1. Select from segment 183-200 the residues that are touching an Asp or Glu at 6+ places or on another chain (Cβ under 8 Å) and in a loop (DSSP other than H, G, I, E, B) and write down the one among them that is nearest to P116 (Cα to Cα).
2. From Y195, Y161, Y169, which residue is surrounded by fewer than 21 Cβ atoms within 10 Å (Cβ to Cβ) and at pLDDT 95 or above?
3. Quick check on my filter: what residues within segment 157-177 are of a type in the set (G, A, S) and under 25 Å from H112 (Cβ atoms)?
4. Just for segment 116-167: of the residues that are among the charged types (D, E, K, R) and part of a loop (DSSP other than H, G, I, E, B), which one is nearest to M88 (Cα to Cα)?
5. Which of the residues belonging to segment 237-282 are over 14 Å from the mean Cα position of the chain (by Cα) and either among the β-branched types (V, I, T) or within 17 Å of R218 (Cβ to Cβ) (or both)?
6. Cβ-Cβ below 8 Å, separation at least six or inter-chain, first residue in segment 259-276 and in a loop (DSSP other than H, G, I, E, B), second of a type in the set (S, T, Y): which pairs?
7. With buried (at least 20 other Cβ atoms within 10 Å of the Cβ), closer than 25 Å to A78 by Cα, in contact with a strand residue (DSSP E or B) (Cβ under 6 Å, 6 or more places away or on another chain) and not acidic (D, E) as the only criterion, which of A286, A261, A300 stands out?
Amino acid sequence: MKKITKSEIRAVVDESYEKFKDEVGGKNADYIPFLAGVDSSLFGIAIALPDGDIIEKGDTSYVFGIESISKVPTAILAMEHYSAQEVMQKIGADATGLPFNSIMAILLENDHPSTPLVNSGAISAASMIKPVGDSDAKWRAITGFMAELCGSELVLLEKLYESESETNYNNRSIAWLLKNYDRIYDNPDLALDLYTRGCSLGVTARQLAIAGATVACRGVNPTTKKQVFKAENTTKVISLISTVGFYEHTGDWMYESGIPAKTGVGGGIMGIVPSGATPGGFGIAAFSPPLDSSGNSVRAQSSIKYIAQRLGINLFDSQEIVIEK
């Protein structure tokens, strides 16, 4: 059994921040004009522990675009509204090995969206959210669930939403191709708009860490103590994140970090250390806008990998880890 104190975690978070805060690699996403204008020097790291304590450093209160990390709560909510098995049947759970916005992947998967954590599957998942046909009620369901997952309300970044809506030509094609193959379960335009709005929500690294901890703690938010989703869906969503959280580079990420994590082009990464790795589990998040060529935050990746390695935390290590005061 390996024991880690909160002071040790705090020290490693501080080390990681100091080590990578001046890293200059990568650049902001420029295909979405709003993201291109975000301050590239921003950097924050947060860890949410199972007792509700938050260890954080840097710009953890800065509100940034959640982008593709929103795919995780939408997938969980679809499981809650139906079942994990029905999400598997209607969407799938398999990595494509292709870019997150690939149209070819739909064709290669025999008309199947593959997984709710790529664009096609996320649009399909948005179409599944109840009640069918009611955009406003669906939006309230999605944002309400995200607030429970993160422990506080998220805000819609209107300028980001406008920017996303004006440039989402590829996703429009995906939505209607899925409709052609009966893989959209509501109006395609409605589903696409819900997906786009979800990606345009503003979130902080602190909120993402809490959301990650809620998943790690089998659906119980460690700060509110509320059961946000069914415990049995925990392994399903962690499996999805482990196989496609970094899209076609997920294998590389898991090999180097051992931490299931979902990335977004807004510069955020949400990591999950399941209770199999630590009793209760915890969430780890980092944010910094400059991205590598695959659309993943350079500083956020480096900091999470460093923390995982320094603390000896790895999903594939059977050693029990206990966090002490």
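1. Selected residue: R183.
2. Y161
3. Within segment 157-177, S173, A175 qualify.
4. The qualifying residue nearest to M88 (Cα to Cα) is K130.
5. Result: P274, S275, G276, A277, T278, P279, G280, G281, F282.
6. P260/S242; G264/S68; G264/S70; V265/S68; G267/S288; G267/S297; P274/T234
7. So the residue among A286, A261, A300 that is buried (at least 20 other Cβ atoms within 10 Å of the Cβ), closer than 25 Å to A78 by Cα, in contact with a strand residue (DSSP E or B) (Cβ under 6 Å, 6 or more places away or on another chain) and not acidic (D, E) is A261.
Listed here are the residues, each with its yes/no results for (1) closer than 17 Å to D94 by Cα; (2) out of contact with any helix residue (DSSP H, G or I) (no Cβ under 7 Å at 6 or more places or on another chain).
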| position | (1), (2) |
| --- | --- |
| T224 | no, yes |
| V244 | yes, no |
| G251 | yes, yes |
| E256 | no, no |
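The values are calculated or read from the model by the stated rules, or taken from the named source; none is laboratory data. These figures come from a predicted structure and were not determined experimentally. For neighbour counting, all protein chains shown are included, and Cβ atoms are generated from backbone atoms with ideal geometry for every residue, glycine included.
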